[in-house]
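Some notes on the structure that comes next.
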Amino acid sequence: MRRKRQRGSALIELVLVVTVLSIVILGSIDFGRIAYMAMALTNAARAGAMVGSQSASDSNNFTAMRNAASASASADIGAITASATRSCECDVGGVVTVMANCPPTGVCAGVVRIRVSVTASKTFNMLAPFRGLPSSVNLSRTAIMRAQ
């Protein structure tokens, strides 16, 4: 009689250990996947910003920046959402002001600095939903570079 109780308690212990171990393994896999996706988004944003930072004329080619970001991420994490902007600053003797319009319409008596910004984003979905945690997380990474 005593031996049957021990078998039953061993089975209960096994079920508890397997459950906890499964949760730890799934959590570790999701953590690795979310870190990988964040790195891929960072690389995609940088690739798009590099395209726009090549010259002043390239800084106005938002389609090329978005396409470069999307192409960089497509092999790793699939389709992403990419957006691109540019901003201009006027430096007159060390006093820097943000310009409302970039050249050629914007006027600056000093040195014009053009910066491009590319944001790459994607929604990450968990492998298994856990109670108390969201089942999806929106990831977004931005890269800002100065146009040459």
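Is it the case, given these coordinates, that Ser136 is of a type in the set (Ser, Thr, Tyr), in contact (Cβ under 8 Å) with a residue 40 or more places away in the chain and farther than 14 Å from Thr42 by Cα? For Ser136, the condition - of a type in the set (Ser, Thr, Tyr), in contact (Cβ under 8 Å) with a residue 40 or more places away in the chain and farther than 14 Å from Thr42 by Cα - is not met. In this structure, Ala68 does satisfy being buried (at least 18 other Cβ atoms within 10 Å of the Cβ), hydrophobic (A, V, I, L, M, F, W, C), farther than 27 Å from Ile29 by Cα and out of contact with any strand residue (DSSP E or B) (no Cβ under 7 Å at 6 or more places or on another chain). Applying the condition of being in contact (Cβ under 8 Å) with a residue 24 or more places away in the chain and among the hydroxyl-bearing types (Ser, Thr, Tyr) to the range 10-43 and asking which residue is surrounded by the fewest Cβ atoms within 10 Å (Cβ to Cβ) yields Tyr36.
Remark: pairs (first residue in the range 73-88, within 20 Å of Ser53 (Cα to Cα); second residue aliphatic (A, V, I, L, M) and surrounded by fewer than 20 Cβ atoms within 10 Å (Cβ to Cβ); Cβ separation under 6 Å; 6+ apart in sequence or on different chains) = Cys88/Met99; Cys88/Val112. Report yes if some residue within the range 55-69 is in contact (Cβ under 8 Å) with a residue 60 or more places away in the chain, over 30 Å from Thr123 (Cα atoms) and part of a loop (DSSP other than H, G, I, E, B); otherwise report no. Yes; the residues of the range 55-69 include at least one that is in contact (Cβ under 8 Å) with a residue 60 or more places away in the chain, over 30 Å from Thr123 (Cα atoms) and part of a loop (DSSP other than H, G, I, E, B).
Can you list the strands (runs of 3 or more DSSP E) found entirely within the range 91-148 that contain at least 1 residues being closer than 22 Å to Ile77 by Cα and of a type in the set (A, V, I, L, M, F, W, C)? Once the strands (runs of 3 or more DSSP E) in the range 91-148 are filtered for at least 1 residues that are closer than 22 Å to Ile77 by Cα and of a type in the set (A, V, I, L, M, F, W, C), what remains is 111-125, 136-146.
What do you reckon, is Ala79 in a loop (DSSP other than H, G, I, E, B) and farther than 30 Å from Arg33 by Cβ? No, not satisfied.
Scanning the range 95-148 for residues that are polar (S, T, N, Q) and surrounded by 16 or more Cβ atoms within 10 Å (Cβ to Cβ) returns Ser117, Thr119, Ser121, Thr142. Would the range 18-38 turn up any residue that is modelled with pLDDT under 95 and aromatic (Phe, Trp, Tyr)? Yes: one or more hits.
The values are calculated or read from the model by the stated rules, or taken from the named source; none is laboratory data. These figures come from a predicted structure and were not determined experimentally. For neighbour counting, all protein chains shown are included, and Cβ atoms are generated from backbone atoms with ideal geometry for every residue, glycine included.
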